[in-house]
1. H43 - would you say it is under 32 Å from the mean Cα position of the chain (by Cα) and part of a helix (DSSP H, G or I)?
2. Just need a number here: residues in region 123-140 that are charged (D, E, K, R) and part of a helix (DSSP H, G or I).
3. In region 85-117, how many are under 19 Å from G151 (Cβ atoms), crowded, with 24+ Cβ neighbours inside 10 Å and not aliphatic (A, V, I, L, M)?
4. Sort out which residues of region 54-105 are part of a loop (DSSP other than H, G, I, E, B) and hydroxyl-bearing (S, T, Y), and write them in order of number.
5. Consider V137 carefully, then state whether it is among the hydrophobic types (A, V, I, L, M, F, W, C), out of contact with any Cys (no Cβ under 7 Å at 6 or more places or on another chain) and modelled with pLDDT of 95 or more.
6. Being in contact with an Asp or Glu (Cβ under 9 Å, 6 or more places away or on another chain), charged (D, E, K, R) and either exposed (fewer than 12 other Cβ atoms within 10 Å of the Cβ) or closer than 16 Å to D92 by Cβ (or both) is the filter here, so list the residues in region 1-59 that pass it.
7. Any chance region 228-246 includes a residue that's among the small types (G, A, S), part of a helix (DSSP H, G or I) and within 26 Å of L154 (Cβ to Cβ)?
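The values are calculated or read from the model by the stated rules, or taken from the named source; none is laboratory data. What you see is a predicted model; the values in this text were computed from it and never measured. Using ideal geometry, Cβ is built from the backbone for each residue, glycine included, and neighbour counts are taken over all protein chains shown.
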Amino acid sequence: MRRQKGLFELIRERDVAHIGEQLDSSPAMINVKDPLGLEPLHHCIMTGRNEIAELLLSKGARCDIFSASGLGMLDQVQTMLREKPSLHAGRDSLGLTPLHWAALGGKVDVGEVLIAHGAKIDAGDSSGVTPLHCAAVNGHKAIAELLVAHGADLAARDKTGAWPALRAVKEGHKDLAASLKCNLDDATSTRFLLGASIVFCAAEAAVCFYLVWRASPVTPPIGSPYSLLAALGLFSIAWIAIAACLYVQIGKDTHGTGAASSRIVCTLAGLVTLVTMVAGIVLVIVGIRALLT
């Protein structure tokens, strides 16, 4: 006996004929919820089945702020927001906001209205997915650009560790992925420069302290011009601490991991910077006095 397919499966397969037959025989199915609390109209938006959404609406499917946003029903969205302005921050069963749904459907005009009403650009759902993730998954470049223009975080990570550009790549939207990963390239370049400066300053500090050590049997570094050389070594160490903190912080912001280690590194870097800068300034003063006497 052949298994009868469910309504959600028929939507995924674009089987309009059998969807119509099923709804004619069981009209109540039109607003049935799946285990996640999503209705057939929501599934149409998530899978890009706009023609099926029109069929469902014609047969009386319930249309809330989420589905209206995803389907680009601008007048209805505006009416809902006028009647209840707080709807822009509403959450569905998955924690998605109306702006998430507008991004899933690629509806720029609705997105603009929601943002104008105060919708949070980087609101995360229960899985950490932001509206920009949603736009990336379905390849909607126009609304992705709108979100980025309003400050969307291109490096935002969901709970699987994926950022929007990675989502776009996985779904085959390479052009969109290329436009979304630019700040990741910038972050990588910045971290490379910081790493290179750390290596250079470490070498500089080593040379300074080596020269001071070599001269110490003849000329004590404290109270002599060699104090300036020692100060330069300390300033190099201070920059190493600052650069290390920035390196770790950029890594955390880009990859969404290592928050605890970032705090530890930055705290230690702050202490090292404070101590070495104060000691370096003291040595500079001592060195200058030695030169003038």
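1. Values: under 32 Å from the mean Cα position of the chain (by Cα): yes; part of a helix (DSSP H, G or I): yes.
Yes; evaluated as a whole, the condition is true for this residue.
2. In the first step, residues of region 123-140 are kept if they are charged (D, E, K, R); the result is 125.
From the residues that got through so far, the ones that are part of a helix (DSSP H, G or I) too are none.
Number of matching residues: 0.
3. Residues of region 85-117 under 19 Å from G151 (Cβ atoms): 88-89, 97-100, 102-103, 108, 110-117.
If we keep only those that are crowded, with 24+ Cβ neighbours inside 10 Å as well, we get 97-100, 102-103, 110-111, 114.
Pick out the ones that are also not aliphatic (A, V, I, L, M) and you get 97-98, 100, 111.
Qualifying residue count for the region: 4.
4. Listed by number, the residues that qualify are S93, T97.
5. Working: among the hydrophobic types (A, V, I, L, M, F, W, C): yes; out of contact with any Cys (no Cβ under 7 Å at 6 or more places or on another chain): yes; modelled with pLDDT of 95 or more: no.
For V137, the condition - among the hydrophobic types (A, V, I, L, M, F, W, C), out of contact with any Cys (no Cβ under 7 Å at 6 or more places or on another chain) and modelled with pLDDT of 95 or more - is not met.
6. K33, E39, listed by residue number.
7. If we filter region 228-246 for residues that are among the small types (G, A, S), which is where we start, we get 230-231, 233, 236, 238, 241, 243-244.
Narrowing the set further to residues that are part of a helix (DSSP H, G or I) leaves 230-231, 233, 236, 238, 241, 243-244.
Next, only the ones that are within 26 Å of L154 (Cβ to Cβ) stay: 243-244.
Checking region 228-246: at least one residue is among the small types (G, A, S), part of a helix (DSSP H, G or I) and within 26 Å of L154 (Cβ to Cβ).
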